[in-house]
Amino acid sequence: MAVSLGQLEMPLTCLGVPDRGTKEDFGGKVSSEPDKLEEVTPIEADELLRNGSYLLDVREDDEFQAGHAPVAHHIALGELENRYQEIPQDRVIICVCRGGGRSARAAEALAGVGYKTMNLAGGMRAWEASELTVLSETGEEAAII
């Protein structure tokens, strides 16, 4: 059995990952079930990140380089199938993209293989609109593209 990741299929090879807390430990918003995706606002995400959650940015390389959250870890959605093992299994994973669609697919797929996930509602556009820090890797002013 596999979890669909757009056109990709993610094998269910890490179903035996250890327990990483309960929904109640994270205000009831965490999902480890792909059909019950939980969303978090940028302000809530910022607080969760300060307390040890992991921000996974699934946008394309040029989007990430143009502007990303300071603590974001980057794995493009198209690479997630082959690289999801790099993501820590002992933390809540907050997935983000530009507007929330791609990251919702990533969060659902990761939840399907045992990760505790949340989706950042509104994506990096909402992060920037909330006046949270955005960094650039290009040497130019940060931008959400």
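Here are some notes:
Per-residue answers, yes or no, for (1) closer than 15 Å to Leu49 by Cα; (2) of a type in the set (Lys, Arg); (3) under 13 Å from the mean Cα position of the chain (by Cα):
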| site | (1), (2), (3) |
| --- | --- |
| Tyr84 | no, no, yes |
| Asp90 | yes, no, no |
| Cys97 | no, no, yes |
| Arg102 | no, yes, yes |
| Ala111 | no, no, yes |
| Asn119 | yes, no, yes |
| Gly122 | no, no, yes |
| Glu137 | no, no, no |
| Ile145 | no, no, no |
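- Against the numbered list (1) modelled with pLDDT under 95; (2) at positive phi; (3) touching a Lys or Arg at 6+ places or on another chain (Cβ under 7 Å), Gly28 comes up short only at (3).
- The residue of region 81-134 that is surrounded by the most Cβ atoms within 10 Å (Cβ to Cβ), among those that are farther than 19 Å from Glu60 by Cα and basic (Lys, Arg), is Lys116.
- When Leu48, Leu37 are screened for being within 15 Å of Thr117 (Cβ to Cβ), over 12 Å from the mean Cα position of the chain (by Cα) and either surrounded by 18 or more Cβ atoms within 10 Å (Cβ to Cβ) or touching a residue at least 40 places away in the same chain (Cβ under 8 Å) (or both), only Leu48 passes.
- The residues in region 31-58 that are touching a Ser or Thr at 6+ places or on another chain (Cβ under 7 Å), of a type in the set (A, V, I, L, M, F, W, C) and either modelled with pLDDT under 95 or not in a loop (DSSP other than H, G, I, E, B) (or both) can be counted, and the count is 2.
The values are calculated or read from the model by the stated rules, or taken from the named source; none is laboratory data. As the structure is a prediction and not an experimental result, all values here were calculated from the model. With ideal geometry, Cβ positions are generated from the backbone for all residues, glycine too; neighbour counts draw on all protein chains shown.
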